[in-house]
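Here's the structure, in structure tokens; my notes come after.
Bear in mind these aren't lab numbers, they're just calculated from the coordinates by the rules spelled out. Since this is a predicted model, take the numbers as computed values, not measurements. All Cβ positions, even for glycine, are placed from backbone atoms using ideal geometry, and neighbour counts span all protein chains on display.
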Amino acid sequence: MIRHVPLVVGASMLVFGAATVTASTATPPQLERDLKEGNQAWVVGLKTGNADLIAAAYMDDAVNCSAAGDCVKGREATAAQYKAGIAKSGRATDAFVRSESLRVDHDLAYESGYAEAHFPNGMVRQGRFSTVWKIQADGHWKIFRNLSLPAAPK
């Protein structure tokens, strides 16, 4: 009987360890809400021409990088970056965000997915994105870093 104790202890550690990992990877409900609201703000902001609505999902010192590689720091600079894009392309006629992966690591959440926006001149901006969300003192999550990636060539 004593010979099996290490096996039982080892198996118990695996079971309890797996349960701990599963519990810690659960998505916090507030993160789910803030992520959906932030992604929807991008869609609505592009359609209505409201860059401030888009930038509201970002932290004051966030970094936002466009698919062209232009990076800005701060919520105000992010709003200006979107205002310039909207002025150039017009308001989107259609847009969507598809979040495909989300991993929570303490106070950070790593999201990746695909986004697409269609504009009146026939231009389509599309591509993958990688966004890092950070929990704030009030319990809400804001965008800390955002990287838009260009669409893969066809």
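Using Cβ counts within 10 Å as a stand-in for footprinting exposure, how do Lys142, Lys88 rank, fewest first?
Lys88, Lys142
Taking a ≥ b ≥ c as the square roots of the eigenvalues of the Cα gyration tensor of the stretch 42-134, is the shape rounded (a/c under 1.5), prolate (a/b larger than b/c) or oblate? Walk me through the numbers before you get to the answer.
On the way: a/c = 2.03, a/b = 1.38, b/c = 1.47.
Cα axes put the stretch 42-134 in the oblate bin.
What is the order of Arg103, Arg128, fewest Cβ neighbours within 10 Å to most?
The most exposed by this proxy come first: Arg103, Arg128.
Arrange the following residues from fewest to most other Cβ atoms within 10 Å of their Cβ: Ser101, Ser148, Ser112. Show your work: numbers first, answer last.
Details: Ser101 9, Ser148 18, Ser112 15.
Least crowded to most crowded, the residues run Ser101, Ser112, Ser148.
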